[in-house]
């Protein structure tokens, strides 16, 4: 039981922190880009306000739950794909697919924004896989010591 809790805790915390870092990099890319969809060219993210805070909290919550579940398996072979799926699927459903569809319908110079969306999505998948593996490895080490 302690191994499962350790794997879930480490996986969840590392997933939450990693997803927040990727979300911050995504916002930096869209605020500095030249795309027309997200209104690129503005300096920084100061105009986003509390909406961005909710975006960060949701991303951290998804990382905490998804990567924690992957880490709780205590098996790296299972945790890597599970973490990638549980971290990437919500990102795809909530951000990448809707943004791509809206950008394709809006016209204009959306190529930099499309690149930012898909780089952010791939970042979330990679973070999920790494956090799941890290949590599972810690869980495995704790199980060996019991």
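Where a number appears in this text, it was derived from the coordinates with a stated rule and is not lab data. Because the structure is a prediction, the values reported are computed rather than measured. Cβ: placed from backbone, ideal geometry, glycine included. Neighbour counts: every protein chain shown.
Tabulated values for the structure
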quantity	calculated
At 0.890 mPa s and 25 °C, Stokes D of the stretch 77-140 from Kirkwood alpha-carbon radius, µm² per second	195
Range of Cα positions in the stretch 49-90 per principal axis (Å), largest first	40, 16, 9
Degrees between helix 76-91 axis and first principal axis of the chain (Cα, 0 to 90, nearest 10)	30
Residue-averaged 222 nm ellipticity for the chain, from DSSP H runs of 4+ at -39500 (n - 2.57), nearest 500	-27500 deg cm²/dmol
Packing-based ranking, highest mean first, of 11-18, 131-138, 70-77 given that Cβ atoms within 10 Å are counted	131-138, 11-18, 70-77
Added length on full extension, which subtracts the Cα-Cα distance from 0.36 nm per residue, residue 141 to residue 104	8.6 nm
Per-q log10 I(q)/I(0), the chain, q = 0.09, 0.13, 0.15, 0.19 Å⁻¹ (Debye; single scatterer per alpha-carbon; no solvent)	-0.31, -0.57, -0.71, -0.96
In degrees, nearest ten, helix 50-71 long axis to first principal axis of the chain (Cα)	30
Fully extended contour minus Cα-Cα distance, from residue 89 to residue 2, at 0.36 nm per residue	28.5 nm
